[in-house]
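As structure tokens, the structure follows; a few thoughts come after it.
The values are calculated or read from the model by the stated rules, or taken from the named source; none is laboratory data. Keep in mind that what you see is a predicted model, and the values were worked out from it rather than measured. All Cβ positions, even for glycine, are placed from backbone atoms using ideal geometry, and neighbour counts span all protein chains on display.
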Amino acid sequence: MPSLLIPRRNWRPLLLTGGVSLCRGLDQHGTIIFTRQRCHAGARSETLRRRSILPLVIVSASALGVSSAGTAHHSSAHFDRCHPVTLTGEIDRVAWRNPHVEFVLRSNEGPAYTIIWLNLQQLKRDDVEPNTLRVGDHVEVTGAKQPEDTTRVIALLTAIRRVSDGWTWSRPPQAC
């Protein structure tokens, strides 16, 4: 069986083997010998393990990536939930998809706003079906907008009311 000879000054056994039982001893020149053969007198049997940091790096990087993506996606810091706004208008476009259901509301007072609602699973728990809101419905929406209002987006909705038949959806407002 082959032996592995390593000079004493460069001895790094943890990086050389992957969980292999070896005999460790010295030869006549003071060189440490690792071999898979039976241990001779004066040598001792040890199990050396290769310790790789690659799995740790991969797990750490993926955990950081997922947590930062989740935080960025669900950050509500840009919306002023302490001063809710109510818009009334007609639905111009509806997109029932994840990550959030979105619709465009043409306001009677001015420009169109993109309304960001909940995701499909949350709406299903609230008994809201994909055909509940349709293009052309006249609705009243209450939610939070950005202080600068440059993107014309309303999110963190607390209420939607369809004017034609009085259908409503509501959620308690979140704390400021």
Quick one: what pairs do we get from segment 98-111, first residue over 12 Å from R134 (Cα atoms) and of a type in the set (F, W, Y), second loosely packed, with under 10 Cβ neighbours inside 10 Å and modelled with pLDDT of 85 or more, C-beta under 6 Å, 6+ apart or different chains? none
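Could you name every one of the strands (runs of 3 or more DSSP E) located completely within segment 70-176 that has at least 1 residues being touching a Pro at 6+ places or on another chain (Cβ under 8 Å) and surrounded by 14 or more Cβ atoms within 10 Å (Cβ to Cβ)?
Numbers: elements: 85-95, 102-107, 112-116, 138-145, 153-162, 168-170.
Of the strands (runs of 3 or more DSSP E) lying wholly inside segment 70-176, those with at least 1 residues that are touching a Pro at 6+ places or on another chain (Cβ under 8 Å) and surrounded by 14 or more Cβ atoms within 10 Å (Cβ to Cβ) span 138-145, 153-162.
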